[in-house]
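*Asks:* Okay, handing you the structure first.
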Amino acid sequence: MDTGRRESTYKLATLMALIDVCVENEAADNGTLAVPVQELAHRIIAYYWPQVRAYDERIVLSQNKSSGRTIPVLVARYKASTAFTTAEAAREVEDEHYVALVRDVELTVARQPLTHFHTPAGRNNDIANDDFVFDARGFHKKMSRTHLVERGHVVLRSGVPRALRDTSVLLRSFVKNAWVADVVRMNKVSLDVEVIDGFLFGTSREALTTLNDPLRDLQDNRCFYCDSKLGPGAHIDHVLPWSRIPIDGVANLVAADSACNLAKSASVPVRAHVDRALRRPRSDLLAIADRTRVPLLHDRTRSAAEGVYASLPAGVPLWIRSREYEPFVPV
C-alpha cells in the first residue's frame, strides 16, 4: 500500500471496507470469510459520502487522476439529488436510485481495486502477484455485470479476517495517513494535512443533529453515561467510537453531556455501556429511526461490538466515566 503512486484512492477505500467487514463478521471455521462485492460497494460509498462535500466551501477535492464517472463523482451526483443525510439511510430503505448507484460502484470496484489489489502502484499488473489477501483471479478490468453476478464475492484467505480484525486500529491509522497523503498529492491547491484528515474522516455532526431531541426524550433528559441532567450543549456520542468502527446508527448513538463526551473521546468504553445501549427498547429505537431517517443498525452495532472487544489485548484501559478506567480482561 505504501509503494508507488496510486492513480486513485479506490484501493485504500476498499481496504478500509474490508477491515470494517472483518471487525463486524466472524470468519468461517476454516478461517476464511466470503465478502460480497456489493457489500464492499455499500461501504465504499459510505466512506466517500462525506468526502464529496465542498472543502473550505470552495472546491470538491479530487481523489482520482482520471475524470468522468469516478466513484466520488457518482456519489456526489446521487447525494445532490436526494434528501438522505447518510448513505446508510438510503441503503436502509433501498432507494431505487441508490440501488442503481451501488450497481455502478460495484462494477467499478470489481474492475479496478479488486483486480489490482495486490499490485503495487507503478508495477505492471501482468507480472505475477502474491494474492495473499484473496484470490483475485477472475477479476479483470473488462469484467461484465454478468461475470460479476457469477463471481459475486471475494473470499479472504484463511487467517486474513482475524488478522485484519486484530490489527484494525493500526491498519486504519496507516490507511488514513496514506489516503490523506494521496488527496494532498492529487490536488493542486495548498492543503493542510491535519485539516484534511478531519475533513475526510471526521464524523458528520450535522447528520446527527436530528437525534438530539428524540434521544433526550428517550433518556429522560439525562446523560447516558453519568445520569446528570443534560444542558443545552448536549452531544450525540458514538458508544462504539467512530474511529474504531464508523457506524452512524441509532443503536450506536446516545445523548451525553459535553464533559462525558469529551472525556470519553475515542476511548473504547466498558462493555456495560455498549450492552446497555443495545438493551434499549427496540421499538423506541425504531421509532427514533423512523422519525429522524437515521437507520437503526442494531445488528451491525452488536456484531461490531463483538469484533472490537475480541481484538483488544488484555489490559487495555476501558472508559467508565470521566477520569475513570478499568483494564480489559478477555473472556
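*Asks:* For Arg53 and Ser228, FRET efficiency with R0 = 35 Å and r from the beta-carbon atoms, rounded to 0.05? Walk me through the numbers before you get to the answer.
*Replies:* On the way: r = 34 Å, r/R0 = 0.98.
Computed FRET efficiency for Ser228 and Arg53: 0.55.
*Asks:* Mind ranking 32-39, 228-235, 107-114 by how tightly packed they are, going by the mean number of other C-beta atoms within 10 angstrom, highest first? Provide the component values of the computation, followed by the final result.
*Replies:* Values: 32-39: 18.5, 228-235: 13.5, 107-114: 21.5.
The most tightly packed comes first, giving 107-114, 32-39, 228-235.
*Asks:* Rounded to two decimals, what is the ratio between the C-alpha radius of gyration of the stretch 115-263 and 2.2 N^0.38 Å?
*Replies:* Working: Rg = 21.4 Å, N = 149, 2.2 N^0.38 = 14.7 Å.
Its radius of gyration relative to the 2.2 N^0.38 Å reference: 1.45.
*Asks:* When ranked by the protection proxy of mean other Cβ atoms within 10 Å per residue, highest first, what sequence do the peptides 295-307, 81-93, 137-149, 199-211 form?
*Replies:* On the way: 295-307: 19.7, 81-93: 18.2, 137-149: 13.4, 199-211: 15.9.
Answer by packing, highest mean first, reads 295-307, 81-93, 199-211, 137-149.
*Asks:* What would the Debye equation give as log₁₀ I(q)/I(0) for the stretch 1-160 at q = 0.18 Å⁻¹, counting only Cα atoms as equal point scatterers?
*Replies:* Debye curve over Cα of the stretch 1-160, log10 I(q)/I(0) at q = 0.18 Å⁻¹: -1.20.
*Asks:* Total Lys pairs in the chain closer than 25 Å by alpha-carbon, pairs eight or more apart in sequence or interchain only?
*Replies:* Taking the chain as the scope, the lysine pair count is 16.
*Asks:* Tell me, what % of the accessible area of the stretch 173-331 is carbon and sulfur with a 1.4 angstrom probe? Mind dumping the intermediate values first?
*Replies:* Details: 3950 of 7510 Å².
Looking at the stretch 173-331 in its full context, I get 53 percent from C and S.
*Asks:* Could you check the simple spin-label distance between Glu194 and Asp284, using points 7 Å along Cα→Cβ, in nm with one decimal?
*Replies:* The two pseudo-label positions are separated by 4.0 nm.
*Asks:* Sticking with this one: Over the chain, with the other protein chains present, what is the accessible area per residue in square angstrom, probe 1.4 angstrom? Don't skip to the answer; put the middle values down first.
*Replies:* On the way: 16060 Å² over 331 residues.
Counting only protein heavy atoms, the per-residue value for the chain is 49 Å².
*Asks:* Continuing with the same structure: Suppose a student asked you for the relative contact order of the chain, using Cα pairs under 8 Å spaced at least 6 residues apart; what percent would you report? Numbers along the way, then the final one.
*Replies:* On the way: 452 pairs, mean separation 68.2, N = 331.
Once divided by the residue count of the chain, the mean separation gives 21 percent.
*Asks:* I've got another one for you. Dividing the convex hull volume of the Cα atoms of the stretch 15-60 by its residue count, what figure in Å³ per residue is obtained?
*Replies:* Residue-normalised Cα hull volume stands at 72 Å³.
*Asks:* What's the Kirkwood radius of the stretch 277-331 in Å, using all Cα pairs? Show your work: numbers first, answer last.
*Replies:* Details: mean 1/r = 0.0747 Å⁻¹.
Roughly 13.4 Å, rounded to one decimal.
*Asks:* Within the chain, which DSSP H helices have Cα atoms that stretch 20 Å or more along the helix axis and a mean Kyte-Doolittle hydropathy of at least -0.5? Mind showing how you got there, number by number?
*Replies:* Details: long enough: 10-24 (21 Å, 1.29); 96-111 (23 Å, 0.21); 168-186 (26 Å, 0.76).
Length and hydropathy pass: 10-24, 96-111, 168-186.
*Asks:* Here's another thing I want to ask about it. Quantify, in whole percent, the carbon and sulfur part of the accessible surface of the stretch 2-62 (1.4 Å probe; protein heavy atoms only). Kindly include the intermediate steps, with their values, before the conclusion.
*Replies:* Values: 1120 of 2470 Å².
Carbon and sulfur: 45 percent of the exposed surface of the stretch 2-62.
*Asks:* Moving on to the next point. Leaving ligands, DNA and RNA out of it, rank Arg5, Arg271 by accessible area with a 1.4 Å probe, largest first. Kindly include the intermediate steps, with their values, before the conclusion.
*Replies:* Working: Arg5 145, Arg271 75 Å².
These residues rank, largest area first, as Arg5, Arg271.
*Asks:* Can you give me the distance in nm between label points at Glu206 and Trp242, each placed 7 Å from the Cα along the Cα-to-Cβ direction?
*Replies:* Here the answer is 1.3 nm between the modelled labels.
*Asks:* Rank-order 52-59, 154-161 by packing density, defined as the average count of other C-beta atoms within 10 Å over each peptide's residues, highest first.
*Replies:* Working: 52-59: 12.1, 154-161: 18.9.
Taking the mean over residues of other Cβ atoms within 10 Å, the ranking is 154-161, 52-59.
*Asks:* Report the Cα centroid-to-centroid distance between the stretch 50-77 and the stretch 238-262 in angstrom, as an integer.
*Replies:* 27
*Asks:* Return, for the Cα atoms of the chain, the radius of gyration and Dmax in Å, separated by a comma.
*Replies:* 20.2, 63
*Asks:* What Rg and what Dmax come out for the stretch 224-281 when only alpha-carbon atoms are used, in angstroms?
*Replies:* Rg and Dmax of the stretch 224-281, Cα atoms, are 10.7, 29 Å.
*Asks:* Run the numbers on the stretch 7-75 and let me know its relative contact order in percent, using alpha-carbon pairs under 8 Å that are six or more apart.
*Replies:* Values: 37 pairs, mean separation 26.6, N = 69.
Normalised by residue count, the contact order of the stretch 7-75 is 39 percent.
The values are calculated or read from the model by the stated rules, or taken from the named source; none is laboratory data. Nothing here was measured: the structure is a model prediction, and the numbers come from that model. Cβ atoms come from the backbone with ideal geometry, glycine included; neighbour counts cover every protein chain shown. These accessible areas exclude ligands, DNA and RNA; they are computed on the full protein's heavy atoms, side chains included. Shrake-Rupley method; radii C 1.70, N 1.55, O 1.52, S 1.80 Å.
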